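*Asks:* My questions all concern the structure below.
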Amino acid sequence: MVRFTLLTGRSLVQGVGKEAGKFSDKYIQEVSTCQMDPEDLKMLNIKPGDCVRLTTEYGSVVLKVSSSALVHRGSVFIPYGPYANLLIGTKTGGTGMPSFKGIPVEVEPAPGESVPELKELLVKMYGRK
Amino acid sequence: MKVINAVLCPGCGSLCDDNEVYVEDNKIVKVRTDCAISTSKFLNFNKDRNTTPLIRVDGELKPTTLEAAIERVARILVEAEYPLIYGWSLTSCEAQKKGVELAEEVGGVIDNTTTVCHGPSILGVQDFGEPTCSLGEVRARADLIIYWGCNPSSAHTRHMKRYSSLSKGRFRLPEQRKVVVVDVRKTPTARNANLFIQVKPNQDYELMAALKMMLQNEEIEEQEVAGVPVEQIEELAELMRSCEFGVLFFGLGLTMSEGKERNIDGAITLVRELNRWTKFAIMPMRGHYNVTGANKVFTWQTGYPYAVDFSRGYPRYEPGDTTAVDVLSRGYNDATLVVASDPVANLPKDAVKHLCSKPLAVIDPHISLTAFMADVVIPCAFVGIEEGGTAYRMDGVGMILKKVVEPPEGILPDTQILDLILKRVRELKGGR
């Protein structure tokens, strides 16, 4: 398990994907994939397409990983969305705004685990009685 | 085939108004724009569409009539002690005005998505003021563009071409402009910049303080600040000081990181310092197309731009207490109406948990993630495509949204749906 800095944000594919529908494959695939520096992938002994478990003070989720030269060593980027939000806390420090960027996160390979399906995840996490 | 010119794109806060939409048999068959997000919006808005009001029965959303859905929403709001009315950035100012009226009527709290995007920017502006300008001025005159903590190549894809670095302005051509990107990642925007400065996460404030020291000719006794070598900070300070008209566009890299509104304070005071040397302006890169309009409408209606609480009978504004994430995560509200937004996709887990544990009503053209979890869903016309209205661009310029196609049969605009809810709420309250 290695400690990284979590950055969430907009990506073009996420922006285009959400216009195609929040349940579209394009959107779901983009928001359930985290991006890491190729050297960090080597260090963790994982390859693009593998699953990793990310854990912050606020929660934990399994995502697919992709290699990106835009993300620098020591950082993990996840496009905004329902998966990234599982790792975000609600403390706003009197501003109304939680920290969506710059959060300590632990990353570990998750062989044998898979990314939860979106509808199942929503019902499991927030399901209505 | 009908060609409609000068159609405003209901996408991002750039509100580009030069799109051409081709309509045949009430369907958009083509759109002429060079923005991938805009194209996706115009061509896909009708996919994943819900055209039936839905009510949750035995754990499942089932079709119902509009009257029954309106009745359910009105009762949820009237029976709640402290309802939250949330969203508003993807609709017209006319709908936002109705929302404020409804919040006052039910004594709830109304918040817009500013709360999780540029809320800290508003707090910073309230602290220090805002030396700003219009995007037209940037296009016409700016020779230094700084994108700090924002990535227009992915989020505001035509911003550079229409308004800033790549635009052909009256007095400036693209080759006469310089672009600087300050970010924690080498974003697609950074790859095309003249200078990229990689700041360490959560240390933007320190970098801005160092820049202010440079501008005041004070010496920095470190080799680097916020992960940036002092020589590079000097280079940036010199670029800023020596330009004729600079603009600092900033994004959620500042508002969502450690420091929050203090980062905005830092950016505004940096721009203030720069105005001692040259002309410099600052502008937030607003995300949703009418989130600026939500701030305008809330302010002219209540005196406050977001997070307005009516529970005492008069408007009260207390960021950190009346803001949506705080209201939800502390369990203050006992029901929620969501209009033109998708908080289940965008708010932190614990806020969503509370949202879904109480009665939840949604007005949205699509089955969003929030609609999927709701107790009652009322489909509405797509504002900016099936319904006109007013919206405000990120620089505060008001613009007119066009209706280019008719909505599906029986689907009303959100303004009319809100009117019906308001009428029924007043009847129910009168009967108490």
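What follows draws every value from the coordinates through simple rules; no lab data is involved. Just so we're clear, the structure is a prediction, and the values are computed from it rather than from any experiment. With ideal geometry, Cβ positions are generated from the backbone for all residues, glycine too; neighbour counts draw on all protein chains shown.
*Asks:* Amide H of A:C51 versus every other amide H placed in the peptide plane: which residues, excluding those fewer than 5 positions away on the same chain, fall under 5 Å?
*Replies:* A:A110
*Asks:* Calculate the dipole size of the protein assembly as shown relative to its Cα centre from +1 charges on Lys and Arg beta carbons and -1 charges on Asp and Glu beta carbons; express the result in debye to the nearest 20.
*Replies:* Dipole size: approximately 1040 debye.
*Asks:* Output the direction-averaged projected area (hull surface divided by four) of the convex hull of the alpha-carbon atoms of the stretch B:87-165, in nm². Present the calculation step by step, with values, prior to reporting the outcome.
*Replies:* On the way: hull surface 28.6 nm².
Directional mean of the projected Cα hull area for the stretch B:87-165 stands at 7.1 nm².
*Asks:* A further question on this structure: Determine ³J(HN,Hα), in whole Hz, for all residues of the stretch B:345-354 in sequence, where each value follows from phi through the Karplus function 6.51 cos²θ - 1.76 cosθ + 1.60 and θ = phi - 60°; x replaces Gly and Pro.
*Replies:* Running phi through 6.51 cos²θ - 1.76 cosθ + 1.60 with θ = phi - 60° gives 7, 10, 9, x, 3, 6, 5, 5, 4, 5 Hz.
*Asks:* More than 37 Å apart: what percent of Cα pairs in chain B qualify? Mind showing how you got there, number by number?
*Replies:* Numbers: 26307 of 93096 pairs.
The proportion of pairs with Cα distances above 37 Å equals 28 percent.
*Asks:* Taking only the C-alpha atoms, wrap a convex hull around the stretch B:342-432 and report its volume per residue in Å³ as a whole number.
*Replies:* Residue-normalised Cα hull volume stands at 148 Å³.
*Asks:* Which residues among the stretch B:357-381 fall inside the zone where the amide N is under 16 Å from a point 7 Å beyond the Cα of B:L66, along Cα→Cβ?
*Replies:* Output list for this probe position: B:363-366, B:377-381.
*Asks:* Divide, for the protein assembly as shown, the radius of gyration over alpha carbons by 2.2 N^0.38 Å, where N is the residue count.
*Replies:* So the Cα radius of gyration is 0.95 times the expected 2.2 N^0.38 Å.
*Asks:* Something else about it: Considering all projection directions equally, how large on average is the shadow of the alpha-carbon convex hull of the stretch B:153-312, in square nanometres?
*Replies:* Over every viewing direction, the Cα hull of the stretch B:153-312 projects on average to 11.5 nm².
*Asks:* Calculate the mean, over all residues of peptide B:255-266, of how many other protein chain Cβ atoms lie within 10 angstrom of the residue's Cβ.
*Replies:* Partner Cβ neighbours, averaged per residue: 4.
*Asks:* Also, I was wondering about something else. Could you work out the helix-only [θ] at 222 nm for the protein assembly as shown, with each DSSP H run of four or more residues adding -39,500 (n - 2.57) and the total divided by the number of residues, to the nearest 500 deg cm²/dmol?
*Replies:* Mean residue ellipticity, 222 nm, calculated: -9500 deg cm²/dmol.
*Asks:* Starting at 0 and stepping by 10 Å, how many percent of the alpha carbon pairs of the stretch A:54-125 end up in each bin?
*Replies:* Bin by bin from 0 Å, the calculated values are 16, 49, 30, 5, 0.
*Asks:* Sticking with this structure for a sec: Expressed as a whole number of Å, what is the distance separating the alpha-carbon centroids of the stretch A:98-129 and the stretch B:310-361?
*Replies:* A separation of 22 Å, based on Cα centres.
*Asks:* Please state, as a whole number in µm²/s, the translational diffusion coefficient that the Stokes-Einstein equation yields for the stretch B:350-398 at 4 °C and 1.567 mPa s, with Rh defined as the Kirkwood radius across alpha carbon pairs. Working shown, then result.
*Replies:* Values: Rh = 12.9 Å.
Rounded to a whole number, D works out at 101 µm²/s.
*Asks:* Bin width 10 Å, origin at 0, all Cα-Cα pairs of the stretch B:1-51: what percent of pairs per bin?
*Replies:* 26, 56, 19, 0
*Asks:* Let me ask something else. What translational diffusion coefficient, to the nearest whole µm²/s, does the stretch B:10-108 have by Stokes-Einstein, given a Kirkwood radius computed over alpha-carbon pairs, a temperature of 4 °C and 1.567 mPa s viscosity?
*Replies:* Working: Rh = 16.9 Å.
The Stokes-Einstein estimate is 77 µm²/s.
*Asks:* With just the Cα atoms of the stretch B:215-261, tell me how far they stretch along each of the three principal axes, in Å, largest first.
*Replies:* Largest first, the stretch B:215-261 extends 30, 29, 16 Å along its Cα principal axes.
*Asks:* Let me ask you something else. Can you give the extra length, in nm with one decimal, that the chain gains between B:R426 and B:D58 once fully stretched, where that is 0.36 nm per residue apart less the Cα-Cα distance? Could you put the intermediate results ahead of the total?
*Replies:* Values: separation 368, 0.36 × 368 = 132.48 nm, distance 2.91 nm.
Extending this stretch completely gives an extra 129.6 nm.
*Asks:* I'd like the mean, over residues of B:337-350, of how many other protein chain beta carbons sit within 10 Å of each residue's own Cβ.
*Replies:* 5
*Asks:* Would you mind telling me which residue in B:P365, B:P315, B:P63 has the biggest mean-square fluctuation in a Gaussian network model of chain B, where springs connect alpha carbons within a distance under 10 angstrom?
*Replies:* Residue with maximal mean-square fluctuation among B:P365, B:P315, B:P63: B:P63.
*Asks:* Report, as an integer, the average count of C-beta atoms from other chains found within 10 Å of each Cβ along A:101-107.
*Replies:* If you average over the peptide's residues, the count of other-chain Cβ atoms is 4.
*Asks:* log10 I(q)/I(0), Debye, Cα-only the stretch A:4-98, no solvent, q = 0.17, 0.24 Å⁻¹?
*Replies:* Evaluating at q = 0.17, 0.24 Å⁻¹ gives log10 I(q)/I(0) of -0.75, -1.27.
*Asks:* If you don't mind, there's one more thing I want to ask. Given bins 10 angstrom wide, list per bin the percent of all Cα-Cα distances in the stretch B:57-114, short to long.
*Replies:* 21, 42, 34, 3
*Asks:* Name the long-range amide H neighbours of B:L401: under 5 Å, sequence gap of 5 or more, or other chain; modelled H, no Pro or chain starts.
*Replies:* B:G389, B:T390, B:A391
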